[in-house]
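Shown next, in C-alpha cells, is the structure this report addresses.
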Amino acid sequence: MHPITAAVASGAAAARARARTHAVKDTYAVLKWVLRARFPKLEVRVQALEARPASKNKQASLAKELEDSGAGQDADLLALANVLLDAIEREAPQAATTAGVDLETVKAAAPLAILGSADQAQEEDLKQFQGHRKRLRDS
C-alpha cells in the first residue's frame, strides 16, 4: 500500500474513532491541507476514503489518483505521510488496524518511495530528516 494512502486511511480511521492525539490530529490536518493545496483534484478521493477508511476500493481509488497525478511521488507528501504513520504507530495503532493498514509493511516500503521521488538535494534533506527523527525516538 502506498504510504500516502495508508496515512490517509489510518488518519481517517483515527478521526472516526476519536482516537486522535494532538500529533495524529495535527499531522493528519497538515497532510490533508498539503494534498488539497497541491493536488485539488484528489479532494474527492480523500473525502471518499475518509467516509470509509477500511474500504479497499476507496484505498485503491486514491492510490490510482496519487499515481496518475504525480502526488504519489511528491517528497513532501511522502515525508508527511511517514510522520503521520509514525504518530499513529506510537499513539493510535488500532486506527491502522481498523483501516486494514499493515504499518510494518508500509513503513518498510516508505523510504524507497521517498528516495525514488527525490532528486540529490532532496535525498540529503531526507537523510537529515530521518537522522533527526531517529534522534527524537532515541531520546
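Just so you know, all these numbers are worked out from the coordinates, no wet-lab data involved. Remember, it's a predicted structure, so these values are computed and weren't measured experimentally. Virtual Cβ from ideal backbone geometry, glycine too; neighbours counted across all protein chains shown.
Some values worked out for this structure:
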| item | result |
| --- | --- |
| A37 paired with R18, simple spin-label distance in nm, labels 7 Å along Cα-to-beta-carbon | 3.1 |
| Three-way shape call for segment 1-78 based on the alpha-carbon gyration tensor, with the a/c threshold at 1.5 | oblate |
| 3J(HN,Hα) from dihedral phi, segment 88-103, Karplus parametrisation 6.51/-1.76/1.60, rounded to Hz, x for glycine, proline | 5, 4, 6, 10, 8, x, 5, 5, 5, 4, 4, 7, x, 9, 8, 4 |
| Estimated FRET transfer efficiency when R0 is 22 angstrom, pair K56-D26 (beta carbons, to 0.05) | 0.20 |
| Centre separation in Å (Cα based) which lies between segment 74-88 and segment 1-57 | 11 |
